[in-house]
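The values are calculated or read from the model by the stated rules, or taken from the named source; none is laboratory data. This one's a predicted model, so the numbers in the text were calculated from it and none came from an experiment. Positions of Cβ are generated from backbone atoms using ideal geometry, with glycine treated the same way; all protein chains shown enter the neighbour counts. Please note that ligands, DNA and RNA were not included when accessible areas were found on the heavy atoms of the full protein model with its side chains. Shrake-Rupley method; radii C 1.70, N 1.55, O 1.52, S 1.80 Å.
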Amino acid sequence: QVQLVESGGGLVQPGGSLRLSCAASGIIFSIRTMRWYRQAPGKERELVATISRDFSTTYADSVKGRFTISRDNANNTVYLQMNSLKPEDTAVYYCNSRSDVDYWGKGTLVTVSL
């Protein structure tokens, strides 16, 4: 059974940092491209960052230079380091893995506010 469990969300002031984690089980983690998505209130879910099996990464334009995705294959965990956070980064952040179907975690809420 595939499980993706996100953690690390919370309330942070603008300009602050958070590090999200996603622990995966039930998949051969090292061969999977892992993704972080986010969904803000009233908006569609959007792709934030990806990291492939060869550790290559891609980012949404809105987070380039501020967010960094990384992975630890020994611990089946993917991370999202978020710096210089802005109020518009407020969203529920989801971890994703894809094979024949999409697997999602339950998400972790990030709120950027004074």
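Some points to look at:
- Built amide H within the under 5 Å cut-off of LYS86, gap 5+: GLY15
- Mean separation of Cα pairs under 8 Å and 6 or more residues apart, divided by the residue count, gives the chain a relative contact order of 37 percent.
- Solvent-accessible surface ranking, highest first, for LYS86, LYS64 at 1.4 angstrom: LYS64, LYS86
- Among the GluC sites (Glu not before Pro) in the range 36-114, those located in a DSSP loop and surrounded by at most 11 other Cβ atoms within 10 Å of their own Cβ are GLU44.
- Among beta bridges that DSSP assigns inside the chain, antiparallel share in %, nearest 5: 90
- Only protein heavy atoms count here; under a 1.4 Å probe, TYR37 has an accessible surface of about 30 Å².
- Per-residue ³J(HN,Hα) for the range 41-52, Karplus 6.51 cos²θ - 1.76 cosθ + 1.60, θ = phi - 60°, Hz, x for Gly and Pro: x, x, 10, 6, 5, 10, 6, 9, 7, 10, 9, 8
- For the range 50-114, the carbon plus sulfur part of the accessible surface works out to 49%, probe radius 1.4 Å.
- Coupling constants for the range 93-109 follow from the phi torsions by the Karplus curve (6.51 cos²θ - 1.76 cosθ + 1.60, θ = phi - 60°), and in residue order they are 9, 10, 8, 9, 9, 9, 10, 7, 9, 8, 10, 10, x, 7, x, 9, 8 Hz; glycine and proline get x.
- Per residue, in Å², the accessible surface of the chain once ligands and nucleic acids are set aside, probe 1.4 Å: 54
- Two-decimal ratio, the chain, of alpha-carbon radius of gyration to 2.2 N^0.38 Å: 1.00
- Accessible area, probe 1.4 Å, largest first, for residues ARG53, ARG71: ARG53, ARG71
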